[in-house]
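Input: a single structure, listed below in structure tokens.
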Amino acid sequence: MDERIITVLRGIREGLQILYEPIDALTRLANYKKGYPPLYIRQKVGNLNDFEGSSGEYMAYLKLLCGLKPGMSVLDVGCGCGVMCIKVNENPTLPEYIYPGQYVGMDVDKELIEWCTKHLTRRNCRFYWLASAEDFRFKATRGRYDVVLCKSLFTHLFKHEVAAYLKEIRKLLKPGGKCLATFFLLNDME
């Protein structure tokens with residue numbers, strides 16, 4: 001399809017989402033999801049049907065596979081609109097998995113990070129914008145994080161970028177720390 005047509009269709013979609021925002025806001029309020037981002041933000045991070053369920057699923061993975069325990073420090077690389085932090089905010093039994101530890105989210109989408117910074121203001125939760133995937137160099141203290149989450153991050157990167165991210169993540173993990181990463185594996189096509 002012609003790139004101009006795709007651009008026009010995306011513009012129409014964004015306009016409709018903005019027009020739908022008052023209805024979406026009422027729906028979020030009625031469903032006790034007031035802290036959730038607006039539709040135009042949620043749609044940037046994947047399938048809207050999976051938005052809520054994926055955070056609960058990944059919280060279970062972090063506990064089961066990474067041994068997430070109260071007070072640990074978590075780095076969420078490619079955090080999008082902070083869905084993991086939202087999960088912690090909405091569930092009163094989960095904050096112990098952050099406090100007195102720390103949650104840090106990072107993403108290359110500046111609009112998403114700005115939304116998180118403005119709306120997810122819980123103690124010990126911070127968000128940082130990465131200018132680009134190539135600029136993935138943390139100024140954070142080495143060996144600082146117990147768990148690093150890369151939820152559907154590597155599906156968006158090239159091989160050399162994945163290698164750079166993994167190298168940096170290795171530096172940031174505490175001894176014995178764990179990284180939970182998801183990505184697609186594609187077999188060579190004949």
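The values are calculated or read from the model by the stated rules, or taken from the named source; none is laboratory data. It should be emphasised that the depicted structure is a prediction, and the values quoted were computed from it without experimental measurement. The protein model used for the area step is the full one, side chains on, heavy atoms only, and it has no ligands, DNA or RNA in it. Shrake-Rupley method; radii C 1.70, N 1.55, O 1.52, S 1.80 Å.
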Karplus (6.51, -1.76, 1.60) ³J(HN,Hα), θ = phi - 60°, over region 21-33, in Hz, Gly and Pro reported as x | 3, x, 5, 4, 4, 5, 5, 4, 4, 5, 9, 6, 10
On the accessible surface of region 44-87, probed at 1.4 Å with all protein chains in place, carbon and sulfur together account for a percent value of 54 percent
Pairs Lys34/Lys110; Lys33/Lys69; Lys33/Lys151: which are spaced more than 24 Å apart, C-alpha to C-alpha?
-> Lys33/Lys69
Under 5 Å between amide H atoms, partner at least 5 residues away or on a different chain: which partners does Tyr128 have, H built in plane at 1.01 Å?
-> Gly105, Met106, Asp107
In terms of the Cα gyration tensor, with a ≥ b ≥ c the square roots of its eigenvalues, is region 1-43 rounded because a/c is under 1.5, prolate because a/b exceeds b/c, or oblate?
-> prolate
